[in-house]
1. Highest mean first, how do 224-234, 86-96 rank when packing is the count of other Cβ atoms within 10 Å averaged over residues?
2. Taking amide hydrogens as modeled 1.01 Å from N in the peptide plane, which residues meet the under 5 Å criterion relative to Leu73, leaving out close sequence neighbours?
3. Mind listing the phi-derived Karplus ³J(HN,Hα) values for region 250-267, rounded to whole Hz, using 6.51, -1.76 and 1.60 with θ = phi - 60°, and x for any glycine or proline?
4. Non-local amide H neighbours of Glu233 (under 5 Å, H modeled in plane, Pro and chain starts lacking H): which ones?
5. Would you kindly derive the ³J(HN,Hα) couplings of region 60-66 from the backbone phi angles with the Karplus curve 6.51 cos²θ - 1.76 cosθ + 1.60 (θ = phi - 60°), listing them in order in whole Hz, with x for Gly and Pro?
6. Once phi is turned into ³J(HN,Hα) by the Karplus curve 6.51 cos²θ - 1.76 cosθ + 1.60 with θ = phi - 60°, what whole-Hz value does each residue of region 99-116 show in order, with x for glycine and proline?
7. Please sort 72-80, 155-163 by packing, taking for each peptide the average over its residues of neighbouring beta carbons within 10 angstrom, highest first.
Amino acid sequence: MHLKMTSRLLAAAFLSLVAGCQGEPTQAPEGSQSAQQLSAKADCVERFEGITTCAKGNASLSASDKGVQVNGLKSLKTDGVSSTFNDAITWSQDAQVRIGSATGGLALAARDGDQVVSTLRITPGKDRQVSVAPGFTGSPSGSFRMNVYNNGTLVGTTAQPQAMIIIFYSWWDFLDWYYWHWDFFSYRTTAGGGSVGQDGACGWRLHAANTTFRVRLADGKEVVGDTAEFIEEIGDGAYPYRHFSGIDVNASATDFLVTGESFGQEK
């Protein structure tokens with residue numbers, strides 16, 4: 001798999017996440033669109049083509065030529081930015097984020113209407129550690145596969161049980177300024193650069209340009225990579241979502257600027 005790499009900006013890393021979806025959700029996580037209403041002020045903008053971007057909880061938005069500035073991100077459970085669009089199979093968002101506190105973090109939720117189909121929580125730890133917790137609704141008792149890439153080459157793959165928290169070592173200083181790139185896809189056989197998966201499965205991809213991390217696989221082997229991918233392993237009888245309509249990004253952060261956003265539809 002060959003990923004497009006972006007040059008490192010001043011005091012910044014480039015992080016990429018991708019998610020896709022299958023399964024009929026049983027309960028919406030805290031902070032999701034269905035669990036927390038959008039800002040009562042109906043604080044929404046249409047800065048990026050085909051996308052309505054709205055504030056959640058205590059957050060507020062302001063649009064400029066730089067993008068969409070998001071302020072008031074105090075609570076990871078309630079505060080964030082919600083993007084809505086039509087019949088997407090891919091989505092991406094570029095954001096400049098400063099967490100600024102050891103109690104901060106990020107929580108993403110992918111939606112089909114009001115149904116949350118996949119989540120990802122990212123929180124800082126000690127000594128440049130980062131905890132990543134993927135969540136999938138298609139097979140509550142199932143598992144997911146983690147693929148680790150370095151410079152586009154697969155260096156490790158391992159199956160993990162549902163709700164497993166993965167610890168990444170020696171990564172970036174999570175509290176400082178970083179440029180993030182989020183991607184989401186409803187998995188197709190040809191999607192994800194050739195990754196193994198099933199149509200409609202959920203998957204997240206996490207990538208930081210010009211920096212690497214260390215992570216342990218299930219067999220204890222430690223590998224070094226710059227990209228981690230989490231793909232849902234679907235159980236029998238799961239219902240595939242062929243499209244999705246929104247992404248929520250909640251944050252406890254001191255600064256959040258969305259600099260770019262787009263989505264793709266099935267051809």
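1. Numbers: 224-234: 24.1, 86-96: 19.6.
Highest mean packing first, the order is 224-234, 86-96.
2. Here the answer is Ala253, since their amide H atoms fall under 5 Å of that of Leu73.
3. 8, 8, 10, 8, 8, 9, 8, 10, 7, 9, x, 7, 7, 9, x, 10, 5, 8
4. Ser143, Phe144, Arg145
5. Residue by residue, region 60-66 yields 9, 10, 8, 9, 8, 5, 7 Hz.
6. 5, x, 8, 5, 9, x, x, 9, 9, 9, 9, 9, 10, 10, x, 8, 8, 7
7. Working: 72-80: 21.2, 155-163: 15.4.
In decreasing order of mean packing, 72-80, 155-163 become 72-80, 155-163.
Each reported figure results from applying straightforward, stated rules to the coordinates on display, with no laboratory input. This one's a predicted model, so the numbers in the text were calculated from it and none came from an experiment. Here Cβ is always computed from backbone atoms with ideal geometry, including for glycine, and neighbour counts include all displayed protein chains.
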